[in-house]
Structure formats: C-alpha cells, structure tokens
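The values are calculated or read from the model by the stated rules, or taken from the named source; none is laboratory data. Since the model is a prediction, treat every value here as computed from it, not as a measurement. As a convention, Cβ positions derive from the backbone with ideal geometry for all residues, glycine included, and neighbour counts pool all protein chains shown.
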Amino acid sequence: MNETLSRRERQIMDILHRLGRASAADIEAALPDAPSYSAVRAHLRTLEDKGHIRHEMEQLRYVFFPTVNPERARSSALRHLVDTFFGGSATDAAAALLDPKSATLPLADLDRLADLIEEARKEGR
C-alpha cells in the first residue's frame, strides 16, 4: 500500500475515518474549500488505487470506506506531521506540545505522558 498522501487525500481520509462510510457528495460537502465533484471522484479513485479505501454500491451510488484501521492512519499522519513540521524529531514535537506558550495540557495528560516516558525508559527505548 502506498503510504504517501497529498493534503487533499489526507482530508478525505479524515472525513472517511470520522464518518465511517460516505458518498462522494458527502465527502465533497465535508471538505473545506471543496474542489469540484469530479475532482473529489478523482481523489477517491487515487485513494482506492493506493489501497486506502474501497467502495460498495448502495442504492445506485458508490459509498466509500477506509481499508486502513484508524490506529495505522493516526500513526501515518503523526509521522507525516513530525517529519513535515519538526524535521523528524519526536522530541521537538513533544516539546511543542509541552510549551506553555502554545498549549496548556491538563494535569491528567501530563501524568499520562510522564507514565509513558517512564515505561519507555524501563523498556530501554
């Protein structure tokens, strides 16, 4: 499966993961600054060719759904975000999340992060 997705393909995948199943018209309506209906259909064909989605016929229309589970999609999107905005550095990405100027995390989230870091240290990662 081809993991590389354009910005618009990622937006379409986000919509499909959120909705579960959707027609091209549903996706077009949910896209910000939506392109034409035929452009949406072209993106859907490309995503299907890449193996990210499939379609079924329902009441004389195609309904599309993701073939990639949400966990794998999250992992791919996060990897893309870290590579694009943080030069591949997970440390810089985490530091940005912890920077009080840009985000305020609830104490429970900070405790969870501390537990995850401690667990990773124990496993020698």
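Pairs, please: C-beta under 9 Å, at least 6 apart or cross-chain, first residue closer than 21 Å to Asp26 by Cα and in segment 57-79, second at pLDDT 80 or above and among the β-branched types (Val, Ile, Thr)?
What qualifies is Met57/Val63; Phe64/Ile12; Phe64/Ile27; Phe64/Ile53; Phe65/Ile53; Pro66/Ile53; Thr67/Ile53; Val68/Ile53.
One line per residue, one yes/no per condition, for (1) more than 27 Å from Leu97 (Cβ to Cβ); (2) touching a Pro at 6+ places or on another chain (Cβ under 7 Å); (3) assigned to a strand (DSSP E or B); (4) assigned by TED's automatic domain parsing to the domain that holds Leu97:
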site: Asp14; (1), (2), (3), (4): no, no, no, no
site: His17; (1), (2), (3), (4): no, yes, no, no
site: Ala34; (1), (2), (3), (4): yes, no, no, no
site: Val40; (1), (2), (3), (4): yes, no, no, no
site: Leu47; (1), (2), (3), (4): yes, no, no, no
site: Met57; (1), (2), (3), (4): yes, no, yes, no
site: Tyr62; (1), (2), (3), (4): yes, no, yes, no
site: Arg74; (1), (2), (3), (4): no, no, no, no
site: Val82; (1), (2), (3), (4): no, no, no, no
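In segment 88-125, which residue that is among the small types (Gly, Ala, Ser) and in a loop (DSSP other than H, G, I, E, B) is surrounded by the most Cβ atoms within 10 Å (Cβ to Cβ)? So that I can check it myself, show each step before the final result.
Initially, segment 88-125 is screened for residues among the small types (Gly, Ala, Ser), giving 88-90, 93-96, 102-103, 108, 114, 120, 124.
Then keep just the ones that are in a loop (DSSP other than H, G, I, E, B); that gives 88-89, 102-103, 124.
On the way: Gly88: 11, Ser89: 13, Ser102: 9, Ala103: 10, Gly124: 5.
Per the criteria, the residue is Ser89.
Please go through segment 62-79 and pick out each residue that is modelled with pLDDT of 90 or more and surrounded by fewer than 12 Cβ atoms within 10 Å (Cβ to Cβ).
None - no residue of segment 62-79 is modelled with pLDDT of 90 or more and surrounded by fewer than 12 Cβ atoms within 10 Å (Cβ to Cβ), so the list stays empty.
What number of residues within segment 22-35 are surrounded by 14 or more Cβ atoms within 10 Å (Cβ to Cβ), at pLDDT 95 or above and either within 17 Å of Asn69 (Cβ to Cβ) or touching a helix residue (DSSP H, G or I) at 6+ places or on another chain (Cβ under 9 Å) (or both)? Full working, then the answer.
Our first condition is that a residue be surrounded by 14 or more Cβ atoms within 10 Å (Cβ to Cβ); within segment 22-35, this holds for 22-24, 26-28, 30-31, 34.
Among the residues that remain, those that are also at pLDDT 95 or above are: 22-24, 26-28, 30-31.
Adding the requirement that they be either within 17 Å of Asn69 (Cβ to Cβ) or touching a helix residue (DSSP H, G or I) at 6+ places or on another chain (Cβ under 9 Å) (or both) leaves 22, 24, 26-28, 30-31.
So the answer is 7.
State yes or no: is Met1 under 13 Å from the mean Cα position of the chain (by Cα) and either of a type in the set (Val, Ile, Thr) or modelled with pLDDT under 95 (or both)?
no
Any residue at all in segment 40-63 that's at positive phi and over 20 Å from the mean Cα position of the chain (by Cα)?
Yes.
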